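What follows is one structure encoded as structure tokens, with my remarks underneath.
The values are calculated or read from the model by the stated rules, or taken from the named source; none is laboratory data. All values derive from a computational prediction rather than experimental measurement. Glycine also receives a Cβ, built like all others from the backbone with ideal geometry; neighbour counts cover every protein chain displayed.
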Amino acid sequence: MINTVDTLPAFPWLSLMVFLPLSGALLCLLHTRSERDCRWLGLTVAVATFGIAIWLFLSQQPNASGWFCVEDIEWIGRFSIRYNLAMDGIALVMVLLTTFLQIVSMLLAWPVRRHVGLFFALLLILESGLLGIFLAQDLILFYLFWEVALIPMFFLIGIWGHNRRHEAALKFFLYTLAGSLFMLLAIIGLYVIHGDQTGHYSFLISDLARTELTLRQEYLLFGGFLAAFAIKSPLVPFHTWLPDALSEAPAVGSLDLTGLLIKTGVYGLIRIAFPLFPNATSECLPIFGTFALVALFHAGWCAYHQDDIKRLLAYSSISHLGLVVLGLAAWTFTAWQGSLLLMVSHGITTGALLAMVAMIRQRIATRNLQKLSGLWAQAPCLSALFLLFALASLGLPGLANFSGEILVLIGTFQTRPIWAIMGIAGVVFAAAYMLRLIQRVLWGEPTQAEVADLSPREWLILIPLAILTVWLGIYPATFLKPLETPVLLALGGLP
Amino acid sequence: MNETLLFLIPLLPLVCALLNMVFGMRLPRLFTETLAVTGVAGSCALTLLFWDYATEGGTKAVLFNWLDSGTFQIAFALNFDRLAAPMTLMVTGVATFIHLYAVGYMHKDADYGRFFGLLNLFVFAMLTIILADNLLVLFLGWEGVGLCSYALIGFWYQKDQNTRAGTKAFLVTRSGDVFLGIALLWLFALTGTLTISEINALAQTISPGVVIALTLLLLVGACGKSAQLPLMTWLADAMAGPTPVSALIHAATMVTAGVYLLCRLFPLISLSAVGMTAITAVGALTALYAATCALAQQEIKRVLAYSTMSQIGYMFMAIGAGTVTGAMFHLLTHAFFKAALFMAAGAVIHLAGDENDLFKMGGIGRRGPQELFWVFLASAACLAGIPLTGGFFSKDGILLAVFSHPDPLYEFFWLIGMLTALLTSFYTFRLVYLIFAGRSRGRNQPHAVSRLMRWPIWPLTILGLAAGLINLPAFFGGQEWLHHWYGKLAGQTLTPDHHTEWLLMIITSSLVLIGWAVAHFYYRNVEKPRLNWLAIFLLQGWRTDRLIEQLLIRPFEAMARFCALGCDRVLLDGTLDGSAGLAKSWGVLARRLVTGRLSTYLSAFAWGFLIFIGWFLLRLLK
Amino acid sequence: MIVPIGHVLACSAALFAIGLTCAVIRRQIIMILIGVEIMLNAAALAFVGGSAFWQQVDGQVFVVFLMAITAAEVAVALAMVVYLHQRKRTMIADEFNRMSG
């Protein structure tokens, strides 16, 4: 379906978007002397990348099969590996989220003092990797970007993290690497089977989707992909790396981790695992749904018990991702749109909360809920925005997460009413832990002496996030529109 | 005129709220206050201006599509119809007076921007509920109301108790919202729409069993917001907020949202007799429960809170008995006199020197303006249902509807309603006596009560007294204006014979008078509360808080601990750490082989070689 | 071929065994090296024997290579021995166990 493209842009915008951050990273590494230059370089590159994404969003029209733009050239001919980047609505939304959050990350990384050049270079490499993941249509290329995105995060946690950073970085790295090795195995297995069958060897997803597989083969290969995606998402019970990694990562690292990196797992499910193995998928959907519900409740409960704000937010992310997967497992148009929208809004709201945690930590030097109190009395603007994002995160109508949640629930109810009912009950859990968070952080007698309110840089970070939070809550059509065709296509292949 | 202008009614308070929240503290105080009052008053004026839109089946206005996904199409749409119009007018009108009162009440509070912003936002959310054309927009307002009550109850956030009360209110109402949410999902799955009028039109096509389930779900949802059994525990604690907030949220408007929801979906819920009986039962039991609790309360605002709960129980009974008019009529009268009562109570608390405890009041009338006593007494008379006041007519209408219901079970509910009327009269006059009778028992210095805190009470009191006129029964020569106004939406029409009506009225009136007499006898001169076990039991609201803590909160927290520690820390992380440890210990074992001695390596090599050769030789031999 | 191939191979095997034993048992580095040399020579002997038996020149070519390698190895090894001796003042191989895991 990729070959039938009629609107090929003459200029390789996608490649430019993917490799612009990488070249920026190289410049940062070469030019580590001046910290100031590195910061501005990082920010400029991030803004430019975002600009390209916005430009593509506004200027390109999708063709009949939903692709905005495609680039396809031969890369390693011997193994028929192609350099194939393509963007449809789902990828577009993820790309917009990524490029936008990267600008936020750059601004948030401003106060970093140690190895500034390296820090910004790693952030930019990470951005390249993430964009590659969302755009690659060739499995080897995808795998390459998948690992490229992993490595900078390892260093970000390992070098700039908190006290137990080495342990957390190692856990994160080994866990996700173990998963992705299974995926590599499955990729090669599928490649060989497909090649034997058709005589035409290819790593392209669209080609491989046409492979005739026995159910047993499907299950094995599906399991391989699932290992990578379930760990990255992270689905319960493979989730324990996230709270550790998040609580030890520096502010920017945790923002990128929850805002973007864990989305790649779900994206992989949607883009690769589901279309390649339709039979295994339809057999496994009830299991997915069950695990998603378990995640929703289990993580909700865990979040309620945490004292470290970052761990709380990590568990809340796992819980939200549970709802996302629930929507996918329901396999209806509305639920899928809701899931994808929820991914975006979760990225925005939780990202904003994590950014604010970093700001609070800069002021009070603690993230412990037992030690925080009465922030509102001292920093009302900061507190008001914190409240806004926390309320969005607990699913208040009119703010970001609600739009996604209600679509997921409405869509899920159409096929699996019981799941939807349990899902809506799980949403109360979000209220329980979020209200506990607000109660401890904002209300009460202030315990600390003087706390400054927001600085201009912090305003600059938070205002766009706040605007997006409201926008997603009130007019999500901007993001739902591009999702229509690809979601319909994705669902069309299955009963 | 363009019907999209209807959006101005809710948006005006919203805009003022946002302005006050964002710029409130940078603007002069007077400006903020004026803005807040103007927002609500303007919206009230607009309601009157647009009144004609409500006639002839109402007017719909669509702003833009909110959610748009396949068959799921939800627009920001308003429906200004005959049910919504009086309610809108009441909310905006009462809220205007409360805002004025709040200007006086909060004049020393430094955080005025946040306060008035939230107050306006609250009015916006309530108007959204009232005017919503579809259930999702209604849900937006529904949750918005929950949020505002949360933030306003915990307005004085430095005291932990206040914010805890707010959190409790939010969580309890949100648990009710889960059921409303389920009903919403189910209704969409059944009818393919969330537009209220379409759902009501399609209600006949839904199978009876499902309608029962839906009604029960909606009932629980309504119970959460309206503080009915079993989700009532939050309301009494919610009195931690500033008094104008109590007046606005917990008397006049927010708690009536549940009643309004059931009225909105009346064509649906009236299809299920079981559901209607359940609604009446919940209403009757709550009315009685709350009235008993109010008997023993020692704080002025808690008495009023329980009385609210009890009166809303009456409204539920009305809906269950099939008369939307009865419910809405009581809702309107109750809103007037309860708001007046709360505002007067705020003034009383000021005069008592910020003292909430009834047993430290007494003789308050002598400390401040005499008029306070009269407005309080008048509103209390409405609450107690003294004949010819507004509260009397509306309550009587409900009891009549319940009494004339054909189902014999309703006679039992009617008895409960009568008993509650007796108790209501008793605790209301107990309140009046404890506040105004005798000599002063408190020691605090009174604060002055400003004019802004006094005169907004007057119009509300008068409205409360005269509210009977809006639905004066034919028996008194009235036209039942409200009933005719609602038209098709009004539920069943009551045509009792005069004999029954006389009888009922005499019974209720005598019960009210008995209640007064008993209160007069006991509380004319009281120094200290008499605390026996029953009083303590009632004071603690039948110990429901304890029960809920034992039954729900403790297990929830235990489960949280189990999930976080038992499951994640021990089981999952343990497995991971265990496998990592296993790999490590293998490494240690294997390391022993590497001695660093050449000769060991060489001999191992030689032995290996020999074994290899030997194996090949054996293969050859075979 | 005058000498039967079996004898040549037996002799080579014996030499190899002697060399191996020497390399394994002796503790002096020099003696270990001599053991290694003997094993190499045993291999060379087997090559020559094979070359004579099959009338193929390859074996002899290989022996020439082997001699070159042996020479190189001895040169490097002896240099290392001298270096090691300077470092630890001993020639006992077991003393150099820094590579122990």
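Tabulated data for the structure shown
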| quantity | calculated |
| --- | --- |
| Qualifying residue in segment A:435-455 (condition: in contact (Cβ under 8 Å) with a residue 12 or more places away in the chain, within 22 Å of the chain's Cα centre (by Cα), part of a helix (DSSP H, G or I) and at negative phi) | no |
| Residues located in segment B:287-322, provided they are within 14 Å of the chain's Cα centre (by Cα) and of a type in the set (A, V, I, L, M) | B:A305, B:M309, B:I312, B:M315 |
| Test: A:E484 is closer than 22 Å to A:Y267 by Cα, modelled with pLDDT under 90, out of contact with any Ser or Thr (no Cβ under 6 Å at 6 or more places or on another chain) and not polar (S, T, N, Q) | yes |
| Test: residue in segment B:211-223 that is in a helix (DSSP H, G or I) and closer than 22 Å to A:A390 by Cα | no |
| Test: residue in segment C:68-83 that is of a type outside the set (A, V, I, L, M) and in contact with a helix residue (DSSP H, G or I) (Cβ under 7 Å, 6 or more places away or on another chain) | yes |
| All positions within segment B:153-165 that are more than 10 Å from chain A (Cβ to nearest Cβ) and β-branched (V, I, T) | B:I153 |
| Near pairs, Cβ below 7 angstrom, 6+ apart or cross-chain, from segment B:62-79 (over 14 Å from B:T195 (Cα atoms) and more than 10 Å from every other protein chain (Cβ to nearest Cβ)) to any residue that is outside any strand (DSSP E or B) and among the acidic types (D, E) | none |
| Sole exception among (1) touching a residue at least 24 places away in the same chain (Cβ under 8 Å); (2) under 14 Å from the mean Cα position of the chain (by Cα); (3) within 11 Å of chain A (Cβ to nearest Cβ) for B:Y150, by number | (1) |
| In segment B:188-205, the residues that are in contact (Cβ under 8 Å) with a residue 60 or more places away in the chain and touching a helix residue (DSSP H, G or I) at 6+ places or on another chain (Cβ under 7 Å) | B:F188, B:L194, B:I196, B:I199, B:N200, B:A203 |
| Meets criteria (among the aliphatic types (A, V, I, L, M), farther than 30 Å from A:C28 by Cβ and either free of Cβ contacts under 8 Å to residues at least 40 places away in the same chain or away from every other protein chain (no Cβ under 14 Å) (or both)) for A:I205 | yes |
| Segment C:68-87 residues that are surrounded by 11 or more Cβ atoms within 10 Å (Cβ to Cβ), paired with ones that are in a helix (DSSP H, G or I) and not aromatic (F, W, Y) (beta carbon under 6 Å, 6 or more apart) | C:T70/C:L40; C:A77/C:L33; C:V81/C:I29 |
| Test result for B:F188, within 11 Å of chain A (Cβ to nearest Cβ) and not in a helix (DSSP H, G or I) | no |
| Wholly enclosed helices (runs of 4 or more DSSP H) of segment B:1-100 bearing at least 2 residues buried (at least 24 other Cβ atoms within 10 Å of the Cβ) and in contact with a Pro (Cβ under 6 Å, 6 or more places away or on another chain) | B:29-49 |
| So B:T280, is it farther than 30 Å from B:M106 by Cβ and assigned to a helix (DSSP H, G or I) | yes |
| Residue in segment A:282-330 that is nearest to the other protein chains (Cβ to nearest Cβ), counting only those that are polar (S, T, N, Q) and surrounded by fewer than 22 Cβ atoms within 10 Å (Cβ to Cβ) | A:T290 |
| Count - residues of segment A:400-410 that are more than 8 Å from every other protein chain (Cβ to nearest Cβ) and either surrounded by fewer than 24 Cβ atoms within 10 Å (Cβ to Cβ) or over 19 Å from A:A432 (Cα atoms) (or both) | 2 |
| Residues located in segment B:353-376, provided they are surrounded by 19 or more Cβ atoms within 10 Å (Cβ to Cβ) and hydrophobic (A, V, I, L, M, F, W, C) | B:L358, B:M361, B:I364, B:L372, B:V375, B:F376 |
| Some residue of segment A:417-432 being more than 8 Å from chain B (Cβ to nearest Cβ), surrounded by 24 or more Cβ atoms within 10 Å (Cβ to Cβ) and β-branched (V, I, T) | no |
| Single condition B:A378 does not satisfy, out of (1) within 24 Å of the chain's Cα centre (by Cα); (2) farther than 22 Å from B:F316 by Cβ | (1) |
| Failed item in (1) more than 20 Å from A:D88 (Cα to Cα); (2) in a helix (DSSP H, G or I), with A:P237 passing the rest | (2) |
| Those residues of segment A:468-495 which are within 28 Å of A:G374 (Cβ to Cβ) and within 14 Å of chain B (Cβ to nearest Cβ), in sequence order | A:V470 |
| Criterion: in a strand (DSSP E or B) and out of contact with any Phe, Trp or Tyr (no Cβ under 7 Å at 6 or more places or on another chain) - qualifying residue of A:L85, A:L144 | A:L85 |
| Filtered residues of segment B:59-79 (kept if aliphatic (A, V, I, L, M) and within 15 Å of B:L185 (Cβ to Cβ)) | B:L67, B:I74 |
| Search result, residues across segment A:443-465 that are within 18 Å of B:N162 (Cβ to Cβ) and more than 7 Å from chain B (Cβ to nearest Cβ) | A:P446, A:T447 |
| Options A:A365, A:A355, A:A379, A:A335: the member that is over 24 Å from A:A91 (Cα atoms) and at pLDDT 90 or above | A:A355 |
| Helices (runs of 4 or more DSSP H) (entirely within segment B:409-528) containing at least 3 residues that are over 23 Å from B:C382 (Cβ atoms) | B:409-436, B:498-523 |
| Condition met for A:L226 (surrounded by 21 or more Cβ atoms within 10 Å (Cβ to Cβ) and part of a helix (DSSP H, G or I)) | yes |
| Criterion (surrounded by 23 or more Cβ atoms within 10 Å (Cβ to Cβ), aliphatic (A, V, I, L, M) and either out of contact with any Phe, Trp or Tyr (no Cβ under 6 Å at 6 or more places or on another chain) or within 23 Å of A:K171 (Cβ to Cβ) (or both)) met by exactly one of A:A249, A:A273 | A:A249 |
